[in-house]
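One structure is given here, and the rest of the page talks about it.
The values are calculated or read from the model by the stated rules, or taken from the named source; none is laboratory data. As the structure is a computational prediction, the values presented were derived from the model and not from experiment. Glycine gets a Cβ as well: all are built from the backbone with ideal geometry, and neighbour counts include every protein chain shown.
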Amino acid sequence: MGTVILSTACSQNPKDYGSPKGYNMNEPKKFVMPQSLHEISGIAFNQGNSDTIYAEQDEEGRLFFLKPGDKRAVSFKFGKHGDYEDVAVCNNYVILLRSNGTLYTFPLSDIHSEESDNVKELKDLLPEGEYEGMWADEKNKLLYVLCKHCSDEKTSKIAKGYILQMAGDGTIAQSSSFVFDVKEIETITGIKKINFHPAALAHNPRTSEWYIISSVNKILVITDSNWKVKEAYRLNPALYIQPEGMAFDKEGNLYIANEGGDIHSGNVLKIRYSGK
């Protein structure tokens with residue numbers, strides 16, 4: 001059985017919340033986001049470089065970018081208002097994921113222009129459904145997109161995702177799919193009929209494990225490279241108020257984005273990788 005630290009109580013005592021090996025989820029470094037990213041919902045790095053955070057929020061068709069700790073973010077408008085959920089950078093292209101599965105791509109170099117004629121809107125690559133998590137494999141030029149609610153999921157006992165192939169000119173094509181077993185999460189956590197709806201997805205470069213967050217119940221799930229569930233951790237709600245985005249830098253440090261609310265600002269939490 002995998003590792004689990006879960007509690008039904010609403011405790012905010014760090015001792016009640018566990019951490020994956022090499023991380024202390026209860027002592028993150030917080031970067032408060034500017035007001036323009038109050039509703040931050042996705043983050044990414046370019047080739048794992050943490051000097052610039054690329055982010056989007058779930059209302060404006062803008063890509064934001066800033067250095068950690070900056071008080072303001074520069075933005076590039078790529079589309080109309082909509083429900084945007086995640087961002088990735090791959091092969092010198094930016095990819096934005098809308099909740100209905102529509103993807104937008106444009107060259108990373110265009111973000112320093114006032115506008116671009118290179119923005120592509122890609123529909124019908126993914127089945128009908130609601131999507132929130134995406135991660136880009138820079139080496140193999142693959143996009144992994146995880147479904148929150150999908151029409152072709154026959155049961156709530158599996159979570160399904162799709163793998164897309166990205167070409168050198170930024171075009172994207174269907175490739176294959178993957179699933180992981182929600183029942184394995186139930187076995188590890190001891191929670192029957194768990195309400196698991198993935199909100200963020202990232203691949204750990206140090207361990208080759210997949211990290212998946214379900215924001216609705218603030219659970220971090222870790223699978224092996226073949227999507228077999230290994231561990232599950234309940235996140236401290238005092239820190240992970242509304243976790244919606246996730247990324248690793250090339251050093252293996254973990255970053256989790258919290259959408260802002262009525263009494264707290266949007267923020268990004270950095271959890272340092274200790275290697276221990």
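Observations on the structure shown:
- Residue ID - farthest from Pro198 (Cα to Cα), chosen from residues in segment 23-67 that are among the polar types (S, T, N, Q) and surrounded by 21 or more Cβ atoms within 10 Å (Cβ to Cβ): Gln57
- Matching strands (runs of 3 or more DSSP E) fully within segment 144-244 where at least 1 residues are over 19 Å from Tyr17 (Cα atoms), of a type in the set (A, V, I, L, M) and at pLDDT below 90: 158-166
- Test: Asn226 is within 24 Å of Arg206 (Cβ to Cβ), polar (S, T, N, Q) and surrounded by fewer than 16 Cβ atoms within 10 Å (Cβ to Cβ): yes
- Filter result for the condition that a residue is within 17 Å of the chain's Cα centre (by Cα) and under 22 Å from Lys160 (Cα atoms), over Asn253, Asn217: Asn217
- Taking segment 190-205 as the range and being more than 22 Å from the chain's Cα centre (by Cα) and either among the hydrophobic types (A, V, I, L, M, F, W, C) or on the phi < 0 side of the Ramachandran plot (or both) as the test, the residues that pass are Ile191, Lys192.
- Residue that is farthest from Gly161 (Cα to Cα), among those in segment 84-128 that are in contact with a Ser or Thr (Cβ under 6 Å, 6 or more places away or on another chain) and exposed (fewer than 14 other Cβ atoms within 10 Å of the Cβ): Lys123
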